[in-house]
Every structure is written in structure tokens, then in C-alpha cells.
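Below is one structure, written out as C-alpha cells; the observations come after it.
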Amino acid sequence: MAYRIRWAAVTVAAACGAAVGLAAPAPAAPAGSPVPPDSSTGQEARKAARFWTAQRMAGARPLDAVRTAPDGSRKPLAAAGRPQGTLFQGTRLVGTFFGSDGPGGTTWHCTGSVIDTKARNIVLTAAHCARNMKGDYVFVPKFVKGASPDRQPYGIFHVQRLFTDPRYVPDNGSSTSKKPVSDLDTTFARVSANQRGQSLQDAVGGGLTFTRASGYTNRNVSVVGYPSYQHNSAGSAVKCTVPTQQLPGYRQMSMTCGGYYGGVSGSPWITDYKDDARGGHVIGNLGGYNGGGNDANVDYISYAPAFGDEAANLLADAVANQDPPGDLPPYEGFQDPLPGGAARWRKAALLAGADYTGDKVGDLLVVWSDGGVTLSPGDGKGGFKPEKRLLKANSTWTHARALTGGDFTGSSGSGLLVRWSDGEVTLYPQVGASGVGREIRMASPGSAWKNAVQLASGQFDGGKGATDLLVRWSDGRLTLYTGVGAGGLGSGRQLLAANGTWTKAALLTGGTFGTAAGLAVRWADGSLDTFTGTSAAGLGTRKRVQGPNGLWTHAQVMTSGDLTSDHTGNDLVVRWSDGETSLYADTAATSLGTETTLVTPGT
């Protein structure tokens, strides 16, 4: 059962209970020009402006000071050439928060960003910032140090109410949480109109689109925030566009870039950033593990919760300004889609993807090094249902050397073709959740099939079902067998004679990586190619996915299947040498699909 995510709403001021009326759109005042108080809407902002002088804003200390070492120092960047953030004048959709307990209280700031909603008054930041905001506080888009509130580019916006998941409770009440709940380090704030009476989105002219993260690995994500004054005397914003990856064991992304000192917590992670754009897509906010920074208290590694159901429901309730619907079950944190951890998955000897449960969704069959066989039914969304054990550990299946799955009998169910160490080949035509089923001998022990190194199934003759079999032999030959079934291996046709090139094909799997059935090949040097339109006439069109590289030499086992919602056999599953297992959903002829970690490394 999917639970609806609920939030804790924190009232900031007495006036917070009533929704703020929106004034008609008015042009934003340019930087440096006063904003006249020409509307009754905006009284909260005008009142706040009397306290928030230019001097007070310029001297604010960071609320997220955890990103600074206890002695206030920072360690230098570890290596020359490491990405370094660029200081710039800022962008209209990102700004700072300033807060105070009163005229004699302390002040602070974190980073926030404007979110595009029908409410037109929502700001995104980090929950560990919001938990410490106990007095009046304001949001200032594209903050300009030294300018008074009336001379800020878009004015200031008084924060009325905060929306934070109630399960977010940092360790010891600080921002240094390393527990699973650090995944929930996201807050949305509702703000009043500015001094002129403009809504937030009317004033800045747009907003970022809240976007569920499609994965942890992204090629280019831009992170924009405001470092604290200790490291940023000009009060500039910082930006950096870098790749991201998963923080192992958490529903969080990580990025490496210098310059993200205290003050940047809450910074948006934007996939299509442009300077001073009026829109874009945000997939996370700087925060999470250890307050958004790494254990060494250096400024070049930052984290962000990857937006999912929790953040989406939190935003919906912030927009509706509604009360929480009730209690939530405990937050379980990140769970690998496949069970057992990397230590177990290092022993996954062979993989086969096919529909073994008959629900028209791809499943993952695993033969383990101890001879055990398991089935992980797919959920059609790139995840898996509880694992089923088809065979317990045994000596027979430790001799399985190659296998492939598909509908070899035209029964609409999937089977498994296995080549054994002694050259025997057997077909299990009706593998299912209850077991591997009956066995049919296709080639006798001692046969030439002992030299069949790799097997790949697919609709290579254009027919229905994965009834065709491509074999890569030890001498580099490639043979295509069409009409494979319970009665035998069908007709064989040699596609390539013995050659040195294909002896270097380290991994091979069949799938639909273009408009027609074909192959994906990982070569010994780590390069990856696809072949589309494979048939009895030849291998089809060869495309390069990536060139030689060290990373993919660690890919140990590979298969493909229909594991996502597009119902195409283009989802690539890779088990790496350290046990990490990855899904590349919707892999194309020239590019890997979106990566999802199925088994986290090092667990």
C-alpha cells in the first residue's frame, strides 16, 4: 500500500492563518530603485523592511554553519582541477532567507528558490534551515548586499508558514543528521506579497518547475546558492554545473564543486539552468546527509535529497495551505530495489531478463555462484516485487555457463535456455514463480556447444516472441538459430566466420535498442556498442554508445529486458565487480538510458 506523505505546518506569525490576497501583476522594480508602498497588500513585507536594514542583511551569519569546521576554518581544495563554483550577480529565481528573534536577536540566512505553483507564493529551502527559524524572517530574491529592502531587485517577502515532513528530526536537534530521515531535508515556505503588493511569482516573473528526479546520475545539474559573508564579502551568488551521482545508501544526490560554504543550504539543483531565466526544472535542494556537506568539512562535496513522493506531497499541501491528514508510518529510508546488498550480488553469476510471471512485465532471473536460482518479479516501473527462490543452493547449477531467457515455445510464457560446462544445452520452456519447470535436452554432453561462450535471444527474424538465438563461439564466430523451440534448436546460419574481433566481446545481450531487435555488446576495453536490425542477413547497424573506458571493464554480468513502462526490451541490467547492480532504463542505440541503482555498492 502506498502511503500518502504528510507534513508538519509551522505557523510563523499571527497573521499566518489567513491566505494572502494576490495583487494584479505589476512590473518588478529594477535593482537600485525604490519600491513604493502603493498597495495595502504587502503590509507584512513593509513592516519587515523597517527591521531588515541593509546593514543587518549584510551581516547575517549562516544558519547552516555546520558546513564550516568547528574552528571556523575550511580545508583547501584537495586537488588542482577540481570544479570550482563561479561567483556572479545572481538570478531572479534564487535568493536568501533572513531571520531574527527580534531587534536584539541573531540573524541568519540560507538559500531559497521560487517554485512555480498556482499559489504563486512558494519558496523551496532545506528543512534543517527552517527548523531553526523561530522569529520573523523574510525571503529576498536575487539578494544585493548593501541594498536596503526597498532597493532589492524584487523587494522582500515575509515568510508566513513552513511545511516540513514531521518525521524530519535531525540528530540532537542540529543540522548534522546522518540518519535515513536526512532524505527528508526539504521545506516549502509560503510567503506574503512584497512591499509593493506583488505576489512572489508576479514580482520575479516566473518560477522553477518542481520535478521528480528520474535518477541519481545526471550529466549536468546546476546548483545556485549564496555562501556566507565569511567567504563571500561581496554577497554574491555561486553557481556550478557538474554531474551528480547517488550518495550510497540514501535517496540523495551528491555533487563535487568548490565554493559551497555555509549559507548555501536549500540551494536548488536545476537540470536546465540559464542565467536569470524565468523557469527551469528543479530536482532537489542542497541539504540532507550531514546538513548537505561531507564529513571532512570541506566545501567541495554537497548533497541533495532527490525529489520523490515525499517532496511532491509536501509541495501539494503547501500550495493548498491545508492541515496534515494524520500520522505517518516511520520513514524507512532508501531501500535497494533488489535485496541482499553488494556482498551478496557479487555472487550473482548469471542474469536473464524475461516475463516469467505471465503479467506482461519483465522479470529478473539470477543464477548464483552456489547454484541457487531466484526470480525477482518486475513491477513495470524499474523496481521489483519480493524475490522468489526457485532452487536452493545445489551443485548442478554451479555448472551453468551461459543462459538466455525468452518465449522459445510460442506459449506466451517465458523459458530459459542454458549451456552447461560439459557442452550440454537444455531448455526450460515454462519457468515461473513456482520453479524452473521441466527440462528438455537440446544438445548432448560433450557436444560442440561447449565452445558457445555467450547466448542472446531476440526476435531476430521479425517473428513474435524471443524465439531466435544468437551464439558467440570461442573463436569469434557468430551463429543465428531461428525457430528455436521444444523440438530443437531450429535452423542455424553463420553471420560471422571465426575472427579476432568478436573474441573480445566480453558481454552480450539481446534487446530492442532502436527500432528493431538487436544486440548490446560490452567489449574487453570497456567500450559499448549496439547492433540494430540483427537478422539472418547480418548483424545490422552498429552504433557506438561509449568508447573504451576503465569503468565498464568492471561490468561483469549483463542482461536486458522489459522492466519499465514503455514495454520495450531496452532496459539494461549490469552487475559490477563490486556487487553494485544498475539499471539503465530505456537504453537507445547510441546512448545509455537513465541509471538507477538496484544494489548499492559497499553494502
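Numbers for the structure displayed
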item	result
Estimated distance in nm for a label pair at Asn451 and Ser491, the labels positioned 7 Å out from Cα along Cα-to-Cβ	2.4
Quarter of the Cα convex hull surface for the chain, i.e. its orientation-mean projected area (nm²)	29.2
Förster radius 60 Å - calculated FRET efficiency between Asp359 and Gln89 (Cβ-Cβ, nearest 0.05)	0.65
Label zone at Ser591, where the point sits 7 Å out along the Cα-to-Cβ direction: the stretch 214-247 residues whose backbone N lies under 16 Å	214-221, 243-244
Near-label residues of the stretch 253-283 by backbone N, under 20 Å of a point 7 Å along Cα→Cβ of Asp379	253
Per residue accessible area of the chain, 1.4 Å probe, in Å²	38
Distance histogram for the stretch 401-545 (every C-alpha pair counted, 5 angstrom bins, percent rounded to whole numbers)	2, 11, 19, 24, 21, 14, 7, 2, 0
Cα-based reach from Lys360 at 15 Å (exclusive), listing aspartates and glutamates while leaving out same-chain residues under 8 positions away	Asp379, Asp407, Asp562, Asp566, Asp571
0 to 90° range, to nearest 10: angle between helix 309-320 axis and the chain longest Cα axis	30
Stokes-Einstein D (µm²/s) once Rh is taken as the Kirkwood radius of the stretch 381-437 over alpha-carbon pairs, at 37 °C in 0.692 mPa s	259
Relative contact order for the stretch 478-597, counting Cα pairs under 8 Å that sit 6 or more residues apart, in percent	17
Per residue, the convex hull volume that the Cα atoms of the stretch 304-378 enclose (Å³)	169
Inter-label distance for Arg278 and Val242, nm, one decimal - labels placed 7 Å from Cα along Cα-to-Cβ	3.2
Sum of side-chain charges, Leu417 neighbourhood, beta-carbon under 13 Å (Lys, Arg +1; Asp, Glu -1)	-1
Computed E for His554/Gln322 - FRET, C-beta separation, R0 51 angstrom, nearest 0.05	0.55
Relative contact order for the stretch 409-481, counting Cα pairs under 8 Å that sit 6 or more residues apart, in percent	22
Size of charge dipole - the chain - debye, nearest 20, with Cβ of Lys, Arg +1 and Asp, Glu -1, no other charges	760
Segments 362-375, 231-244, 256-269 sorted - mean Cβ within 10 Å per residue, highest first	256-269, 362-375, 231-244
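The values are calculated or read from the model by the stated rules, or taken from the named source; none is laboratory data. Quantities reported herein were computed from a predicted structural model and do not represent experimental measurements. No Cβ is skipped: glycine too gets one built from the backbone with ideal geometry, and neighbour counts run over all protein chains shown. Surface accessibility is based on the protein's heavy atoms, side chains included, excluding ligands, DNA and RNA. Shrake-Rupley method; radii C 1.70, N 1.55, O 1.52, S 1.80 Å.
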